[in-house]
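For reference, the structure is listed below as C-alpha cells.
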Amino acid sequence: MIEVFADTDVCLDLLTGRQPHNAAAERLFTFADRGNLRIHVSSLTFSHIDYILQSQYKRRDSRMILARFKTLVNVLPVDDKVIELAIASDVRDFEDAIQYNTAIQNKVQVLLTRNVKDYKKANISVSTPEIYVTGMP
C-alpha cells in the first residue's frame with residue numbers, strides 16, 4: 001500500500017473546504033477512504049485542527065469532525081526524538097520541522113504539503129497534494 005505523510009495544512013484544506021486547495025485534498029483522502037492509500041499525520045496535527053475548527057464550529061461539532069477524520073488517517077507520535085531532531089534541524093519553521101521529522105522517524109517516504117519550498121533539503125520526496133494526486137489513477 002502507498003503511504004504518505006500529510007502536513008496540517010493539507011488536512012485543514014479538506015476539513016475547512018479552503019479553496020482552491022480543497023479539491024486535491026478531497027481527492028487524496030478519497031483514495032485513503034477507498035483503501036488505496038494510507039495517510040499518516042502527526043499527533044500535533046489534531047490539536048491544530050481542533051483549534052481552527054473551534055473558530056468555525058461548536059466544540060461538539062468540532063470533535064465529531066475530528067472523530068470522522070481519524071478514521072481516514074494513521075496518527076504518528078511526536079516524541080522526544082522527533083523534538084530533538086526538529087530543534088537541531090535546518091527547517092526554518094519549527095512546526096514543519098516536527099512534521100518532517102515525524103515522517104522520517106516513521107520511515108514515511110512521501111510528505112505532502114503546500115509549503116514545498118520549506119523542505120529544500122529534505123531526504124524524502126516532498127510534493128503538493130495537487131501534483132501528487134495527478135499521478136494517481
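The values are calculated or read from the model by the stated rules, or taken from the named source; none is laboratory data. It should be emphasised that the depicted structure is a prediction, and the values quoted were computed from it without experimental measurement. Glycine also receives a Cβ, built like all others from the backbone with ideal geometry; neighbour counts cover every protein chain displayed.
Listing for the model above:
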{"read-out": "Scope the range 19-56; condition under 19 Å from L111 (Cβ atoms), surrounded by fewer than 15 Cβ atoms within 10 Å (Cβ to Cβ) and modelled with pLDDT under 95; matching residues", "value": "N36"}
{"read-out": "Every pair of residues 6+ apart whose Cβ atoms lie under 8 Å, when the first sits in the range 18-35 and is touching a residue at least 24 places away in the same chain (Cβ under 8 Å) and within 17 Å of L53 (Cβ to Cβ) while the second is buried (at least 19 other Cβ atoms within 10 Å of the Cβ) and polar (S, T, N, Q)", "value": "none"}
{"read-out": "Scope the range 118-133; condition loosely packed, with under 11 Cβ neighbours inside 10 Å and at pLDDT below 90; matching residues", "value": "K120, K121"}
{"read-out": "Test: residue in the range 72-81 that is β-branched (V, I, T) and either in a helix (DSSP H, G or I) or at pLDDT below 95 (or both)", "value": "no"}
{"read-out": "Residues of the range 57-93 satisfying the condition of being polar (S, T, N, Q) and either loosely packed, with under 14 Cβ neighbours inside 10 Å or farther than 29 Å from A122 by Cα (or both)", "value": "S62, T71"}
{"read-out": "The range 46-72 residues that are without any contact (Cβ under 8 Å) to a residue 40 or more places away in the chain and closer than 16 Å to R18 by Cα, paired with ones that are surrounded by 13 or more Cβ atoms within 10 Å (Cβ to Cβ) and among the hydroxyl-bearing types (S, T, Y) (beta carbon under 7 Å, 6 or more apart)", "value": "D50/S62; L53/S62; Q54/S62"}
{"read-out": "Residues being assigned to a helix (DSSP H, G or I), in contact with a Leu (Cβ under 8 Å, 6 or more places away or on another chain), of a type outside the set (A, V, I, L, M, F, W, C) and over 19 Å from N36 (Cα atoms) - total across the range 99-137", "value": "6"}
{"read-out": "The lone exception for D96 - which of (1) in contact (Cβ under 8 Å) with a residue 40 or more places away in the chain; (2) in a loop (DSSP other than H, G, I, E, B) it fails", "value": "(2)"}
{"read-out": "Selected residue (criterion: farthest from V73 (Cα to Cα)) from residues of the range 1-42 that are among the hydroxyl-bearing types (S, T, Y) and under 13 Å from the mean Cα position of the chain (by Cα)", "value": "T8"}
{"read-out": "Sole residue being closer than 25 Å to V116 by Cβ and in a strand (DSSP E or B), chosen from F5, F29, F69, F46", "value": "F5"}
